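Just so it is clear, none of the values below were taken in a lab; they were calculated from the coordinates. Remember, predicted model here, so these are calculated numbers, not experimental data. Please note: Cβ atoms are built from the backbone with ideal geometry, for glycine as well, and neighbour counts cover all protein chains shown.
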Amino acid sequence: MRKLNTILFVVLCLFVFSSSAVSQDSSGLSNISQIPEKYFESVSKKASHLEEKLDKKPQKVLQRLQKQEERIRKKLTKIDSFAAQNVFTGAEEKYKQLERKVQSTQKLTQYIPALDTTITTLKFLEQNQQWLGEAKEVKEKLNDAFSKVKELESKMQKAEDIKLFLKERRQYLKDRLEKFGFAKELKKLNKQVYYYSQQLNEYKAILQDPKKIERKAIDLLSKTKLFQDFMRKNSMLASLFRMPADDPNDPTYIASLAGLQTRAQVNALIQNQIAAGGPGAQQQVNQNLQAAHAQLQQLKDKVNQWGGSSDDILPEGFKPNDQKTKSFLQRFELTTNIQSQRANNIFPVTSDLGLSIGYKLNDKSVIGIGAAYKMGWGSGFNNIRITHQGMGLRSFIDWKLQGTFWLSGGYEQNYRYEIRNFDQLSNQSAWQKSGLIGLSKVVSLKSKLFKNTKLQLLWDFLSYSQIPRPNAIIFRVGYVF
């Protein structure tokens with residue numbers, strides 16, 4: 001549905017471009033020369049990053065699928081050798097055909113709005129290099145960016161071809177193996193296809209998130225009628241939804257509308273039907289439009305509820321792990337927190353400043369390690385004194401319960417004495433153990449600084465055996481990056 005909204009928005013923009021009378025003056029053309037070199041560097045970097053991922057992921061998925069097919073073939077041979085021969089004859093040739101297909105340079109057939117905009121923009125600048133300035137480096141960076149984006153376009157099409165092959169292969173094996181009781185193996189195949197499809201969606205999402213420098217360049221170009229006209233005639237969307245050029249009698253435009261009714265014809269037909277229907281016809285039309293709108297909204301809600309594309313078949317009882325589509329580094333999260341304690345006969349006022357790094361095993365569980373520094377503030381406002389009151393080593397696990405509530409547990413070792421030199425930290429008997437269990441809640445605030453605030457209420461069930469005895473109830477406030 002998001003893709004549909006994007007396409008409709010771009011179509012609307014093209015209509016606006018075609019009907020607006022923006023003058024092509026010298027100030028508009030001067031904007032083109034203001035495009036910074038970093039725009040081309042940003043585009044090149046993003047294209048190279050995605051191209052590298054698209055080189056590795058599809059190959060791994062195909063190798064994994066081939067190995068899985070071989071295991072199924074061996075298992076089926078023991079059950080029915082004749083059926084195994086029929087099912088897997090020609091399998092190797094199918095993979096070779098795919099390999100030959102993806103080795104050739106191909107043009108992307110799927111519409112990706114951000115990629116279409118980038119390619120058309122670079123094509124426009126390549127044809128109008130006289131407005132980029134005289135610097136040779138700028139033109140070289142433009143050519144490099146254009147080359148990498150075109151290569152990315154080809155790699156995206158290859159990835160889509162592999163995705164289609166995986167789905168066809170999955171359906172083929174499902175139709176022929178289901179009766180032999182290979183439900184577990186077919187479920188694994190479904191998972192592989194699903195996660196590969198979701199991974200491609202992740203890459204497309206990266207394309208749909210332009211950097212600040214990229215938005216600035218597009219904004220500058222969009223102010224010129226020259227660029228607007230170029231986009232209307234040369235973008236991929238323009239080839240799908242041909243818009244009228246400056247001349248409404250443009251043969252290309254007329255040919256693209258062959259067999260279609262014009263808006264004027266549709267309006268005339270509606271008015272004739274209303275006039276023939278009598279006094280209540282207008283009211284009936286309004287009611288029908290409202291009913292149609294309600295049905296479209298229901299379809300939209302269903303699509304949003306399903307999530308993803310309808311051709312990504314999920315195995316029965318399978319709950320997707322969205323973390324599997326992310327890179328290793330993207331699954332890490334950094335957390336800072338603070339907890340404070342009042343002064344007593346043994347300790348001054350202290351604050352524990354913690355820093356932890358967690359790894360998301362899946363959408364509902366995070367494990368991690370961290371460390372803390374205990375800072376002393378003295379015994380009160382009349383006796384403020386900064387001291388090093390200790391440090392701690394932490395490990396933790398968080399399990400999502402419901403909504404923004406998490407079950408949290410952890411094991412910690414804390415050195416609770418004033419640190420005068422590092423040698424004293426080697427005294428193992430001075431370290432106290434803490435076993436923590438409790439609840440965490442992530443609060444989303446309307447603030448750029450504290451957007452994901454984490455509140456924790458923990459019980460230290462090992463505190464009762466420690467001397468000196470620390471507080472059993474711990475409250476921490478943190479921030480998740």
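Structural remarks
- In Hz, Karplus ³J(HN,Hα) per residue of segment 99-104 (6.51, -1.76, 1.60; θ = phi - 60°; x = Gly, Pro): 4, 5, 5, 7, 6, 7
- With a cut-off of 15 Å between beta carbons, the residues surrounding ALA83 carry a summed charge of +2, where Lys and Arg count +1 and Asp and Glu -1.
- The aspartates and glutamates within cross-link reach of LYS107, meaning a Cα-to-Cα straight distance under 14 Å and a gap of 8 or more places when in the same chain, are ASP116, GLU151, GLU153, GLU160, ASP161.
- 3J(HN,Hα) from dihedral phi, segment 190-200, Karplus parametrisation 6.51/-1.76/1.60, rounded to Hz, x for glycine, proline: 4, 5, 4, 5, 4, 5, 5, 4, 5, 5, 4
- Taking other Cβ atoms within 10 Å as a rough exposure proxy, ARG170, ARG420 sort from fewest to most as ARG420, ARG170.
- Ordered by the count of other Cβ atoms within 10 Å of each Cβ, fewest first, LEU65, LEU98 give LEU98, LEU65.
- Distant-in-sequence amide H partners of LEU401 (H built 1.01 Å from N, under 5 Å): TRP406, LEU407
- Long pairs among LYS46/LYS158; LYS96/LYS184; LYS324/LYS400; LYS155/LYS187; LYS179/LYS319, criterion Cα-Cα beyond 22 Å: LYS96/LYS184; LYS155/LYS187; LYS179/LYS319
- Taking chymotrypsin sites (Phe, Trp or Tyr not before Pro) across segment 350-399, the ones in a DSSP loop with at most 12 further Cβ atoms lying within 10 angstrom of their Cβ are PHE381.
- Rounded FRET efficiency, nearest 0.05, which uses the C-beta distance separating GLN295 from SER340 and R0 of 51 Å: 0.35
- Using θ = phi - 60° in the Karplus curve 6.51 cos²θ - 1.76 cosθ + 1.60, the 3J(HN,Hα) couplings for segment 59-68 round to 5, 5, 5, 5, 5, 5, 5, 4, 5, 5 Hz; x is entered for Gly and Pro.
- Going from the fewest other Cβ atoms within 10 Å to the most, the residues GLU41, GLU69 appear in the order GLU41, GLU69.
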